[in-house]
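The structure appears right after this line, and notes come after that.
The values are calculated or read from the model by the stated rules, or taken from the named source; none is laboratory data. Model, not experiment: these values are computed from the prediction. Because the Cβ atoms are built from the backbone with ideal geometry, glycine has one as well, and the counts that use them run over all protein chains shown.
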Amino acid sequence: MVALKDKSALQYVYPFIGPIVRINPREVHIKDPYFYDELYAPSSGVRDKDPKSVVIFSAPTSLVATVDHQTHRMRRKLLNNFFSRRSIENIEPVIHKSLSRFLDGLTTAHKEGSVVELIDRLQGLTGDVITEYAYGENYGLQDPENYGKGIVKVVQEGTDQIHFFRFFPLVSQLLRYVPSWFMSQVFPARAAIYQLLDGVRKQSILALQQRNTSNAPQRMTIFQALTAPEVPPEERNLQRLEDEGLVLFAAGTETTATTLSVALFYILNDKRVLSKLRRELEQVMPTPQHPTTWRELEKLPYLTAVIREALRFSGIVMRQQRISPTQALKYKDIVVPPGVAHHSLAYAELYNTLAAVVRRFDLELYQTTPENIRFVRDKLLPRSKDGCWTVRVKVVGIREE
């Protein structure tokens, strides 16, 4: 029996005992990238999620926490149209409106000579986009008084607590039943998240009340999408709407903001990358203020490569186990029995934001080194030794041509 302090220790074990290791009584770990497609279910296969791994999300009826393969497939189909390419292109003006506020903030920072905490500011940008699109209401997360505070800060703290909820899942479940007014009194610093909870609940109730009336909203929100006539009746309930609404907010803020910050760090840290990227952007942006679209920007190969690398560096780091519920999996000459766990809107924001910032501003890293974005701790998202990743910059110039 080999005691492993962390997942990184697995790499030292494989040369001695082979590519498949049982890491606990109910889970095996397979080190083989060529087994990925088989593990994460070919089109004809069935894979369930591990019920013990999804409790951390504290939203049992959300898509991300859905265990059963067929239920997950049905719920994902409901959201596919809402987040389809056509839908995102139709709301690109929403992205550009929030991006414009973010760029105005950088201009102000240049005039004041102040330091910009990129992840906090970018969470405001991504938060405004997801709330306006999914909820139909802009929450003003880019207002100066909200920089690095309120809902944005609570989302960061929430991902830090996920490790605790993994081992004590009952705590997160019980917290959902405590009245929000009481929690706001006990934890005043977190009052913003409980206001968000109340807002999601009210919109969920309104959507349920309106589903059989002719009072259709001007623009589809996530709440209307989940209460549409084609949705199975058992899915049109308050908890389902609340869970999905909350998860979409959390997933649409910190993850995208972190990816953008990591991309900008590596771009600014290597002048060759910055120079090459700017030359490519000039093809579609002859001037720094020239408007562009996601469709135009995604055709740029170097920008696409930068975004893919940023996604690779900043993605979710937790193990994402899958279970084959009825069929045994065969890895070479080893048979994994059924029931054993094994694991091996953002693009539009990424393209538009990176292009606009790199083309329009001269940024300089401020008291930020690779250590500030080094993966040391697994808190669903990667964390440094001291907590959340941080990327600080100063705006040293605004490009006019």
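Selection of first residues in the stretch 387-401 that are within 20 Å of GLY105 (Cα to Cα) and small (Gly, Ala, Ser) and of second residues that are surrounded by 14 or more Cβ atoms within 10 Å (Cβ to Cβ) and modelled with pLDDT of 80 or more, restricted to Cβ pairs under 6 Å at least 6 apart or on distinct chains, gives the following pairs, ordered by first then second residue: GLY397/ASP362.
In the set (1) modelled with pLDDT of 80 or more; (2) surrounded by fewer than 19 Cβ atoms within 10 Å (Cβ to Cβ); (3) in a helix (DSSP H, G or I), the condition left unmet by GLU137 is number (3).
Evaluate the following for ARG121: is it surrounded by fewer than 20 Cβ atoms within 10 Å (Cβ to Cβ) and outside any loop (DSSP other than H, G, I, E, B)? So ARG121 does not fit the description; no.
Against the list (1) of a type in the set (Ser, Thr, Tyr); (2) surrounded by 21 or more Cβ atoms within 10 Å (Cβ to Cβ); (3) in a helix (DSSP H, G or I); (4) out of contact with any Ser or Thr (no Cβ under 6 Å at 6 or more places or on another chain), the condition THR259 fails is (4). Remark: pairs (first residue in the stretch 273-297, on the phi < 0 side of the Ramachandran plot and surrounded by 14 or more Cβ atoms within 10 Å (Cβ to Cβ); second residue modelled with pLDDT under 90 and not in a helix (DSSP H, G or I); Cβ separation under 7 Å; 6+ apart in sequence or on different chains) = PRO288/ARG399; PRO288/GLU400.
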